[in-house]
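What follows is calculated from the coordinates using simple rules that are stated; it is not laboratory data. On a predicted model such as this, the values are computed, not experimentally measured, just so you know. Every residue, glycine as well, gets a Cβ built from its backbone with ideal geometry; the counts of neighbours run over all protein chains shown.
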Amino acid sequence: MSHFDFEISEDNFRVVTLKAADQNNKNVIKIAPGLGNNMFKYQYNDLDLIYYDPDLPLDHFLNGNPIIYPLPNRVNNCHYEFKGKKYWQEKNSKPIFLHSLVYDEKWSYKEPEILADHIKLETFIYIDKDHPVYQGFPFEHQLKIIYKLFNNKLRLKYEVNNKDSKELPYGICFHTYFNYLKQRANSYIKAPAETYMELDADQIPTGKLLGVEETDYDFNDYRSLKDINIDGAITELQDKPKIKFEDKLIIEFDYSKEFSHIQFYTPLNKKFFCLEMQTCSADAHNLDAAGFKKAAHLLTVKPNEKSSGWLDYKPKLC
């Protein structure tokens, strides 16, 4: 028998908690809509999957699960191009180089809804000419993130609704900071892919795709993170990625066709690692404008139309 519940609380900030349980599993997620819509907790049974540092603000891109939109990761010289027009990625008159424009914004939400097989929370942000995001991304539109918690998975669905008279170019990334549930050496990733993205000295993709075989980006079979220190992306994905914490848990990812890249961030001196599902590359707008369309995988939405996609986290005890 499944049971779903929610709670809305307020201590230092407002938190929306979703719960799902049955005879086998217990799942809890916590979201802070007012602080970047950050899902800073995902508890599966007694395991905390997401890294959260309470001493670091939640509306920061180094904590929890920041939403990176509309230009994931790095943007060359804080400028981007689309359809022959050049834009300056900025907010509040400050240039933005890394992780784009919405991770620290206040989002609105509807009261959670309990359905037959899951509980959902719909969150949204409306970007018009008066919104600070519009300064660096001048397209009038609405972005929704819908959290759907089932007994056996968590689905994050996004929806971009273009309200503008011009075509809108976007990318989105869920920048999840995962905890090491066991020792780093006993934490493994499998993410089959054909290529990884060549980077320049500033870690900006050149547009050139290189074969992953026998490189630090070769995760075609399970590989320990013990000595892996990378900050870059693979593409031409061949199968669903998985994280395995030996003898403890496997997290399988599933996703819609919009997701094309996986960005890794695995610093050696941190308590976390990142496997980030992205709908495009870093600096995708500029790569697309330069003719590297396959490498960029930039998505667009025509006026008065919508674009959407979904990402599933599927944890399972070993």
Length-normalised contact order of the range 181-303, Cα under 8 Å, at least 6 apart, in percent, tallies to 25
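Beyond 33 Å, what share of the Cα-Cα pairs of the chain is found? Please give it as a whole percent.
Considering the chain, 22 percent of its Cα-Cα pairs are separated by more than 33 Å.
Can you pull the percent of Cα pairs in the range 51-108 with separation above 17 Å?
Working: 726 of 1653 pairs.
Counting pairs separated by more than 17 Å, the tail of P(r) holds 44 percent.
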Quick shape check on the range 188-318: root eigenvalues a ≥ b ≥ c of the Cα gyration tensor, a/c under 1.5 is rounded, otherwise prolate if a/b tops b/c, else oblate, and it reads oblate
A student applying the Cα gyration tensor rule (rounded when a/c is under 1.5; otherwise prolate if a/b is larger than b/c, oblate if not) would label the range 233-302 prolate
Counting only residues 5 or more apart in sequence or on a different chain, those whose built amide H sits under 5 Å from that of D218 are none
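May I ask for the net charge around P33, where only other residues with Cβ less than 9 Å from the Cβ of P33 are counted and Lys, Arg are +1 while Asp, Glu are -1? Show your work: numbers first, answer last.
Numbers: positive: R14, K106; negative: none.
Counting the neighbours of P33, the net charge comes to +2.
Net charge within 13 Å of L58 by Cβ-Cβ distance, Lys/Arg positive one each and Asp/Glu negative one each, not counting L58 itself? Before the final figure, lay out the partial values.
Working: positive: R14, K30, K41, K106; negative: D11, D53, D55, D59, D104, E105.
Computed value for this residue: -2.
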Between the residues I230, A21, C78, the Cα farthest towards the positive end of the dipole of the chain, that dipole coming from +1 and -1 charges on the beta-carbon of Lys, Arg, Asp and Glu, is from A21
Taking a ≥ b ≥ c as the square roots of the Cα gyration tensor eigenvalues, with a/c under 1.5 meaning rounded and otherwise prolate when a/b beats b/c or oblate if not, the range 152-214 comes out oblate
Whole-Å distance linking the alpha carbon centroid of the range 8-66 with that of the range 108-173 is 18
